[in-house]
Amino acid sequence: MANSNGVEGLHVWSSPEGGCKIDIGKQIFCNRSLNMKNILAVGFDMDYTLAQYKPETFESLAYEGTIRKLVYDLGYPPELLEWTFDPKYMVRGLVLDKKRGNILKMDRHKYVKVAYHGFRELSKEDKVGTYGNSLIRDSFDEPDYALIDTLFSLAEAYLFAQLVDYKDNNPGKVPEGADYSHMYKDVRAAVDLCHRDGTLKQMVAKDPKRYINEDTSIVPMFKMLRASGRSTFLVTNSLWDYTNIVMNFLCASHTLDGSLSCNFDWLQYFDVVVTGSAKPGFFHEENRANIFEVEPESGMLLNTDNGTPMPLVGSTSPEVLLKGLNKSCRVFQGGNVAHLHKLLSIESSSQVLYVGDHIYGDILRSKKVLGWRTMLVVPELEREVKLLWELRDMRKQLRLLRDERDLVEDQIHHLKWSLKFESFRDDEKQKMISALGELESQRDQARLAHQQAQRECHQKFHKIWGQLMKTGYQNSRFAHQVERFACLYTSQVSNLSLYSPDKYYRPSEDFMPHEFHILPL
């Protein structure tokens, strides 16, 4: 259908007055009020934001490339080449303990709730002994810990767990002096080698459809934003050649025989494109990185002065540089956020909404340093909120079991207090002691039933790590970061196309926004 601005494509816009109901997995959830009427520019990251990579192919590719680097470049045993990758094992929000070889999931207060050494689950005693006895809470930050906050990190986390198990079972086969921390350092070095030599991106460029999910709602979303009069921009760490291939695929530029054509039609949806941005450093205005204009047809970098083309040495006119650059969208490489603000004529940071997938690389820096409004893309959320709805009866039963356990424990404490501080006849005292024994037995049964039901619910989300946004009844560390730094969050960027471009997003009063309408009452 077409809207009043002539934008083609299906738009189901929600509004307070009514309209079509948006599927819960496609909804946009709000942590702090955001009136889109005040947003003058909307920006996007590319990798894992606009381009959603398929874990079963892309992450496997990254994993296999990392293994080869470990064996051929860093001296690890050739038998590692026989290892395989499980793309569903690791989740975001985990923390790697480099020194101990442990993988942790913790709550918002940094209490470790789930812990594995390699693939072996740590007992409660080991967990408390290692992470629960310090008088000063551990910060769980670098250099001793690594944060798994981006989907790019899942393959390296899985490989680290494999290496921990391998070292424990084959102590003489790992390179000499390679403790757990050193092995993690080697994994990181191998991953960086894969990215530096272009191994991954060359494979993706050959067959984008094999590695990237198609999303037919992306172009209608761009058209809607452009028709609403807003500026749009792209800021990605990928270089121009790869960016052009991926954006061509996402915007569906196909030839008559159905094959992918590589042109520059997708640039019509943006005012400014910044490649090779080196985020998160890009978000610091004091970052003195040079900015170069990219000539799309050749990929040639043109020297600029804050975005203005500079004449060649010996020439007084920049006209020669402007050949082919008379399009509405301009492409750059490098620079910093001050250059971007100037190019877009942005007067206030609060007028910018930036959409990304990486809490630290995209959301935290743009929010905390600049004051941009932020939207976090969490692909796992679509499945999670649907499961929350499907399991609402189980979660209600869990709440009832916990209330029952708490009630019995209160009765036990009351009886113990009475026996300790009040006087009773011998027969009365004996009856109370007997009742206390029965209550303690009832409490143990209630605890066991609650623990079993909680584990069963936990495993419905993920057999090892449970719900992404929760650890038990507490918000997870990942959920806490989402609450702190993301104004909005949703499962995929094109969900914006389902809402009015002038929508006023308001947060719920309690709980996390995605839980608000599906809590077991």
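Quick notes on this structure:
- Filter pass, Asp149 being of a type outside the set (Gly, Ala, Ser) and open to solvent by 20 Å² or more (accessible area, probe 1.4 Å): no
- Residue within region 190-200 that is under 20 Å from Gly43 (Cβ atoms), modelled with pLDDT under 95 and among the polar types (S, T, N, Q) present: no
- Residues in region 171-186 include at least one that is open to solvent by 70 Å² or more (accessible area, probe 1.4 Å) and within 24 Å of the chain's Cα centre (by Cα).
- Arg484 fulfils the conditions (1) open to solvent by 80 Å² or more (accessible area, probe 1.4 Å); (2) of a type in the set (D, E, K, R); (3) assigned by the TED database to the domain that holds Leu400 except for a single criterion, (3).
- Count of residues meeting criterion [surrounded by 15 or more Cβ atoms within 10 Å (Cβ to Cβ) and part of a helix (DSSP H, G or I)] in region 59-92: 14
- You will find that of Gly101, Gly75, Gly132, the residue that is of a type in the set (Gly, Ala, Ser), modelled with pLDDT of 95 or more and over 30 Å from Asp215 (Cα atoms) is Gly101 and no other.
- The set of residues from region 52-89 being of a type in the set (Lys, Arg) and farther than 18 Å from Pro379 by Cβ comprises Arg68, Lys69.
- Test: residue in region 229-241 that is in a helix (DSSP H, G or I) and touching a residue at least 24 places away in the same chain (Cβ under 8 Å): yes
- Test: residue in region 414-426 that is under 44 Å from the mean Cα position of the chain (by Cα) and either charged (D, E, K, R) or open to solvent by 80 Å² or more (accessible area, probe 1.4 Å) (or both): no
- Region 152-165, residues that are open to solvent by less than 20 Å² (accessible area, probe 1.4 Å) and over 19 Å from the mean Cα position of the chain (by Cα): Leu159, Phe160, Ala161, Leu163, Val164
- Looking at region 289-358, the strands (runs of 3 or more DSSP E) lying wholly inside it that each contain 3 or more residues that are modelled with pLDDT under 90 sit at 300-305.
- Filtered residue count, region 487-521, keeping only those that are polar (S, T, N, Q), at pLDDT 90 or above and surrounded by fewer than 19 Cβ atoms within 10 Å (Cβ to Cβ): 1
Yes/no per residue for (1) of a type in the set (Asp, Glu); (2) in contact with a helix residue (DSSP H, G or I) (Cβ under 7 Å, 6 or more places away or on another chain); (3) assigned to a loop (DSSP other than H, G, I, E, B):
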| site | (1), (2), (3) |
| --- | --- |
| Val95 | no, no, no |
| Arg100 | no, yes, yes |
| Leu104 | no, no, no |
| Lys113 | no, no, no |
| Asp126 | yes, no, no |
| Thr130 | no, no, no |
| Asp141 | yes, no, yes |
| Ala146 | no, yes, no |
| Ala161 | no, no, no |
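- Count - residues of region 456-477 that are assigned to a helix (DSSP H, G or I), surrounded by fewer than 17 Cβ atoms within 10 Å (Cβ to Cβ) and of a type outside the set (S, T, N, Q): 2
- Any hit, region 447-455, residues being out of contact with any Cys (no Cβ under 7 Å at 6 or more places or on another chain), under 26 Å from Ile22 (Cα atoms) and open to solvent by less than 20 Å² (accessible area, probe 1.4 Å): no
The values are calculated or read from the model by the stated rules, or taken from the named source; none is laboratory data. All of these numbers come straight from a predicted model, not from anything done at the bench. When we count neighbours, we look across all protein chains shown, and the Cβ atoms used for this are built from the backbone with ideal geometry, even at glycine. Calculation scope for accessible area: heavy atoms of the full protein, side chains included, ligands and nucleic acids excluded. Shrake-Rupley method; radii C 1.70, N 1.55, O 1.52, S 1.80 Å.
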